[in-house]
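Input: a single structure, listed below in structure tokens.
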Amino acid sequence: MNQNPASTAPLTWLLTGHKAGDNTQLVALADALGWPYETLHFRYRATELLSNRLLGVTLAGIDRAASSPLSPPWPELILTAGRRNEPLARWIQRQSGGNTRLVHLGRPWAPLDAFDLIVTTPQYFLPEQPNILHNQLPIHGVTPERLARAAASWTARLGHLPRPYTAVLVGGDSGPFVYTVEKGAQLGQQVNALAEQLGGSLLVTDSARTPHKVFTAFEQALTAPAFIHRWRRDSSDNPYLAYLAMADRLVVTGESMSMLTEAASTGKPLYIFDPGDSGPWWRYAHSLRFKPLTHRLAMRFAARRMHRDIGNIQRQLVDSGRAVWLGQDFPEGRQLPAPDDVQRAAKQVRALFAGSGSGG
């Protein structure tokens with residue numbers, strides 16, 4: 001629970017689940033509000049998609065025994081993200097007699113008017129309407145304090161490497177984006193050329209989604225001085241935040257909304273590697289795998305507001321001058337403040353309680 005109590009603040013619950021990115025956004029928004037909050041965690045049944053679609057406002061998709069208990073007093077405010085907790089949030093609102101305000105981050109599956117506020121971003125295709133806030137980038141939890149702590153713990157370990165530092169944040173398969181050995185080698189060649197052009201060292205990390213063969217091909221293309229971290233599930237010693245703090249510039253693979261957003265939040269020169277394919281997707285055997293194929297089918301036949309195009313995030317960063325495509329030159333001396341999206345969202349949440357005696 002947040003340790004910043006306020007006697008007039010609304011009783012607030014965060015509904016968290018299995019996606020770390022969603023949970024991070026919820027905590028970041030709650031911390032920006034400055035109100036006390038309680039974090040509830042939920043696990044889901046294998047049948048949750050079916051029960052949630054058929055029953056709507058229900059607890060049938062929740063594994064109650066493995067989840068946080070639910071009992072009054074019911075909250076005045078719920079912050080939630082992701083479709084799995086939508087029926088739960090609406091169930092709690094019903095128990096409160098309609099007195100709970102619902103704030104959803106991202107793109108809800110339920111009718112849009114079921115929420116008091118939806119905080120969304122360009123990769124989704126939500127309409128303009130009074131209860132929808134369109135932010136430039138997703139909310140994130142990277143703060144100057146966290147960056148400073150991370151840098152302090154890694155400075156000695158990276159200090160032997162020549163500057164400037166170019167951080168390289170490598171993601172992996174996501175939606176229509178499929179990584180191949182050839183793409184791994186291409187990324188390695190391009191960041192190596194950037195390091196040779198600018199001098200200094202590469203600070204590299206992969207992620208949970210990075211295919212092993214792809215990252216190996218990437219590594220084999222490097223000749224510049226580099227510190228390379230391989231992600232491991234059981235490791236708590238991850239330099240990701242230290243890279244954001246210490247790097248002079250950043251290279252991020254373009255399929256990851258969270259990495260793009262967190263890199264952009266530093267205000268440093270940002271280069272985006274495009275992991276897409278040139279030419280029609282059906283010409284590539286890797287596009288016919290189950291996940292990319294089902295993603296494309298869903299985007300083709302689902303309602304427009306259920307679509308997602310991370311290319312909108314990439315283009316927003318490039319068009320705003322906050323990033324360039326890898327292979328292009330970042331303009332010398334360009335510095336732009338990062339969008340303060342979390343504060344915009346917090347202001348809109350506070351407005352829900354204006355004049356109610358809650359929220360200060």
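Each row is one residue, and each column tells you yes or no for (1) in contact (Cβ under 8 Å) with a residue 24 or more places away in the chain; (2) part of a loop (DSSP other than H, G, I, E, B); (3) hydroxyl-bearing (Ser, Thr, Tyr).
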{"position": "His140", "(1), (2), (3)": "yes, yes, no"}
{"position": "Glu145", "(1), (2), (3)": "no, no, no"}
{"position": "Ala150", "(1), (2), (3)": "yes, no, no"}
{"position": "Trp154", "(1), (2), (3)": "yes, no, no"}
{"position": "Leu161", "(1), (2), (3)": "yes, yes, no"}
{"position": "Thr166", "(1), (2), (3)": "yes, no, yes"}
{"position": "Gly171", "(1), (2), (3)": "yes, yes, no"}
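Here is a list of conditions, (1) more than 20 Å from Pro339 (Cβ to Cβ); (2) among the acidic types (Asp, Glu); (3) surrounded by fewer than 20 Cβ atoms within 10 Å (Cβ to Cβ), and Glu255 meets all of them except one; can you say which number that is?
Looking at each condition in turn, Glu255 falls short on (3).
Residue under question is Glu128, and the condition is that it be surrounded by 17 or more Cβ atoms within 10 Å (Cβ to Cβ) and of a type in the set (D, E, K, R); does it hold?
Numbers: surrounded by 17 or more Cβ atoms within 10 Å (Cβ to Cβ): no; of a type in the set (D, E, K, R): yes.
Spelling it out, it is not the case that Glu128 is surrounded by 17 or more Cβ atoms within 10 Å (Cβ to Cβ) and of a type in the set (D, E, K, R).
If you check Val191 against the conditions, is it within 30 Å of Arg308 (Cα to Cα), touching a residue at least 40 places away in the same chain (Cβ under 8 Å), assigned to a strand (DSSP E or B) and assigned by TED's automatic domain parsing to the domain that holds Ala298? Walk me through it before giving the result.
Numbers: within 30 Å of Arg308 (Cα to Cα): yes; touching a residue at least 40 places away in the same chain (Cβ under 8 Å): yes; assigned to a strand (DSSP E or B): no; assigned by TED's automatic domain parsing to the domain that holds Ala298: yes.
For Val191, the condition - within 30 Å of Arg308 (Cα to Cα), touching a residue at least 40 places away in the same chain (Cβ under 8 Å), assigned to a strand (DSSP E or B) and assigned by TED's automatic domain parsing to the domain that holds Ala298 - is not met.
Is the stretch 135-147 home to any residue that is more than 20 Å from Ala264 (Cβ to Cβ) and modelled with pLDDT of 95 or more?
Within the stretch 135-147, the subset more than 20 Å from Ala264 (Cβ to Cβ) is none.
Looking for residues that are more than 20 Å from Ala264 (Cβ to Cβ) and modelled with pLDDT of 95 or more, one finds none in the stretch 135-147, hence no.
Mind listing whichever residues of the stretch 230-242 are in contact with a Phe, Trp or Tyr (Cβ under 8 Å, 6 or more places away or on another chain) and at pLDDT 95 or above?
We begin by selecting, within the stretch 230-242, every residue in contact with a Phe, Trp or Tyr (Cβ under 8 Å, 6 or more places away or on another chain); these are 230, 238-239, 242.
Answer for the stretch 230-242, where residues must be in contact with a Phe, Trp or Tyr (Cβ under 8 Å, 6 or more places away or on another chain) and at pLDDT 95 or above: Pro239, Ala242.
Restricting attention to the stretch 331-352, report how many residues are outside any helix (DSSP H, G or I) and at pLDDT 95 or above. Please lay out each step first, then the result.
Of all residues in the stretch 331-352, those outside any helix (DSSP H, G or I) come to 331-340, 352.
Narrowing further to those that are at pLDDT 95 or above: 352.
Total meeting the criteria: 1.
What's the total number of residues in the stretch 173-186 that are at negative phi and touching a residue at least 40 places away in the same chain (Cβ under 8 Å)?
Residues of the stretch 173-186 at negative phi: 173-174, 176-186.
Imposing the further condition that a residue be touching a residue at least 40 places away in the same chain (Cβ under 8 Å) reduces the set to 173-174, 176-180, 183.
Summing the residues that are at negative phi and touching a residue at least 40 places away in the same chain (Cβ under 8 Å) in the stretch 173-186 gives 8.
Touching a helix residue (DSSP H, G or I) at 6+ places or on another chain (Cβ under 6 Å), outside the structural domain of Val252 (by TED's automatic domain parsing) and farther than 30 Å from Met246 by Cα: does that describe Trp109?
On the way: touching a helix residue (DSSP H, G or I) at 6+ places or on another chain (Cβ under 6 Å): yes; outside the structural domain of Val252 (by TED's automatic domain parsing): yes; farther than 30 Å from Met246 by Cα: yes.
In short, yes.
Of all strands (runs of 3 or more DSSP E) completely enclosed by the stretch 220-278, which ones contain at least 1 residues that are within 27 Å of Leu288 (Cβ to Cβ) and without any contact (Cβ under 8 Å) to a residue 24 or more places away in the chain? Quick ask: steps written out before the conclusion?
On the way: elements: 226-229, 249-253, 270-273.
Answer list for the stretch 220-278: none.
Could you check how many residues of the stretch 1-55 are over 28 Å from Ser256 (Cα atoms), touching a Gly at 6+ places or on another chain (Cβ under 8 Å) and modelled with pLDDT of 90 or more?
Result for the stretch 1-55: 3.
Which residue is farthest from Leu40 (Cα to Cα), if the candidates are limited to the stretch 56-80 and must be buried (at least 19 other Cβ atoms within 10 Å of the Cβ) and at pLDDT below 95? Full working, then the answer.
Start the filter on the stretch 56-80 by keeping residues that are buried (at least 19 other Cβ atoms within 10 Å of the Cβ), which leaves 61-62, 75-80.
With the extra rule that they be at pLDDT below 95, the set shrinks to 61-62.
Values: Gly61: 16, Ile62: 12 Å.
Selected residue: Gly61.
Checking the condition at pLDDT below 95 and of a type in the set (A, V, I, L, M), which residue from Met246, Met306 passes? It would help to see each step written out before you state the result.
Details: Met246 fails: at pLDDT below 95.
When all the criteria are applied, what remains is Met306.
Quickly run through the stretch 126-136 and pick out the residues that are in contact (Cβ under 8 Å) with a residue 40 or more places away in the chain and in contact with a strand residue (DSSP E or B) (Cβ under 8 Å, 6 or more places away or on another chain).
Taking the stretch 126-136 and keeping what is in contact (Cβ under 8 Å) with a residue 40 or more places away in the chain, we get 126-127, 133, 135-136.
Those that are in contact (Cβ under 8 Å) with a residue 40 or more places away in the chain and in contact with a strand residue (DSSP E or B) (Cβ under 8 Å, 6 or more places away or on another chain): Leu126, Leu133, Asn135.
Can you find, within the stretch 194-219, the residue that is surrounded by the most Cβ atoms within 10 Å (Cβ to Cβ) among those that are of a type in the set (A, V, I, L, M, F, W, C) and outside any strand (DSSP E or B)? Show your work before the answer.
Filtering the stretch 194-219 down to residues of a type in the set (A, V, I, L, M, F, W, C) leaves 194-195, 198, 202-204, 208, 214-215, 217-218.
Cutting the leftovers down to outside any strand (DSSP E or B) gives us 194-195, 198, 208, 214-215, 217-218.
Numbers: Leu194: 21, Ala195: 22, Leu198: 15, Ala208: 10, Val214: 24, Phe215: 24, Ala217: 21, Phe218: 26.
The extreme case among them is Phe218.
When you check Arg322 against the structure, is it crowded, with 18+ Cβ neighbours inside 10 Å, on the phi < 0 side of the Ramachandran plot and modelled with pLDDT under 80, yes or no?
On the way: crowded, with 18+ Cβ neighbours inside 10 Å: yes; on the phi < 0 side of the Ramachandran plot: yes; modelled with pLDDT under 80: no.
Criteria not met by Arg322.
The values are calculated or read from the model by the stated rules, or taken from the named source; none is laboratory data. Predicted model only: the values in this text are computed from it and were never measured. Note that each Cβ is placed from the backbone with ideal geometry, even for glycine, and that neighbours are counted across all protein chains shown.
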